[in-house]
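Trainee: Let me begin by handing over the structure; questions about it come next.
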Amino acid sequence: MITRISQNTFTRKLIFFATLIAIWQIAASSGLWAEYIFPSPLSVAQTLARGFQNGTFVVGIVTSLRRLLIGFGISLVIGIVSGLALGRVKLLDETFGALVLGLQTLPSICWLPLALLWFGLSETAILFVVVMGALLAITTATEAGVKNTPPLYLRAARNLGARGWKLYALVIFPAALPEIITGMKLGWSFAWRSLMAAELLYVSLGLGHLLMMGRELNDMNQVVAVMLVIIAIGLVVDRLIFAPIETRVRARWGLTG
């Protein structure tokens, strides 16, 4: 039964994406737009193949992912710790929490001028923008998860002798985990956006730089190809990392239908 459902899901997805590609091809062949403005699926596929063959896309993917993983890792540690503290300490919530809420309204690109003034044209500036892009979403989600922890759990844990770090490790953190995972997914997407914004404006190896080169060379094939690579990486990470974790957590808390 499960295998049949999986096959049906795969078939629906295959039909959907095949239809999208067909519509794309029809639009490209209609003559409404020039080839350099609206490329066909075949020309984009050829650019993708050429980019992987000569190593350009491989270098760009490795460089961007390295920056992304470092920045996201820093954001994850700081964001979870900050969120746990904000959710439990009223004084921090009333002071630092208001600052976090205000800063969250800033688009990540707003951090780039500050980063360039502080760190210059360097890897540190890019990492700073990535960290600030993901940090606030993770912090806010963790804080919400802590505040939504049922008081009954906390009273029961205290009655059983849980205090200090044990209360956090055994009760608060597990209860907040669904919200934390949501924050991680949001932080990951915001980190990508921040990284692309930084790489578009800072000449360096990376997918964002490849996007900028495609624009400057008026090569729409490369622009669309890089966009497809970014989308593919996002889907792979979600399916291989976030989706399994989310499924296990939801099953653990009885949230699956």
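None of the figures in this text is laboratory data; all of them are computed from the coordinates on show. No experiment lies behind these values; they were computed from the predicted model shown. So basically every Cβ, Gly included, is an ideal-geometry build from the backbone, and we count neighbours across all protein chains shown.
Trainee: Explain nothing, just the number: dipole magnitude of the chain about its Cα centre with +1 on each Lys and Arg Cβ and -1 on each Asp and Glu Cβ, in debye rounded to the nearest 20.
Mentor: The dipole magnitude comes to about 1160 debye.
Trainee: Also: Å³ per residue of the Cα convex hull, for the chain?
Mentor: Numbers: hull volume 42.4 nm³, N = 257.
Per-residue hull volume (Cα only) is 165 Å³.
Trainee: Let me ask something additional. For 142, 9, what's the fewest-to-most ordering of other Cβ within 10 Å of each Cβ?
Mentor: Details: 142 28, 9 10.
Lowest count first: 9, 142.
Trainee: Using the count of nearby Cβ atoms within 10 Å as a rough guide to exposure, how do 33, 188, 24 rank from fewest to most? Walk me through the numbers on the way to the answer.
Mentor: On the way: 33 12, 188 21, 24 16.
Ascending Cβ contact count within 10 Å gives the list 33, 24, 188.
Trainee: Would you mind getting me the FRET efficiency between residue 81 and residue 7? Use the beta-carbon distance for r and R0 = 41 Å, nearest 0.05. Walk me through the intermediate numbers first.
Mentor: Values: r = 44 Å, r/R0 = 1.06.
The formula returns an efficiency of 0.40 here.
Trainee: Would you mind computing, in nm to one decimal, how far apart the modelled labels at residue 58 and residue 16 are, each placed 7 Å from Cα along Cα→Cβ?
Mentor: 3.3 nm
Trainee: Continuing with this model, one more query. So what's the angle, to the nearest 10 degrees on a 0 to 90 scale, between helix 90-103 and the longest Cα principal axis of the chain?
Mentor: 10 degrees
Trainee: Return 226, 237 ranked ascending by Cβ neighbour count within 10 Å, so the fewest neighbours appear first.
Mentor: On the way: 226 28, 237 16.
Ordered from fewest to most neighbouring Cβ atoms within 10 Å, 226, 237 come out as 237, 226.
Trainee: Still on this structure, I have one more. Evaluate the relative contact order of the chain (contact order divided by residue number), counting alpha-carbon pairs under 8 angstrom at least 6 apart; express in whole percent.
Mentor: Values: 266 pairs, mean separation 59.5, N = 257.
Worked out over the chain, it gives 23 percent.
Trainee: What list of whole percents do you get for P(r) of segment 36-124, with Cα-Cα distances grouped in 10 Å bins up to the one holding the largest distance?
Mentor: Histogramming segment 36-124 at 10 Å steps yields 13, 25, 26, 21, 11, 4 percent.
Trainee: Right, next: Each label point is 7 Å from the Cα along the Cα-to-Cβ direction; what then is the distance between the points at residue 239 and residue 34, in nm?
Mentor: 3.7 nm
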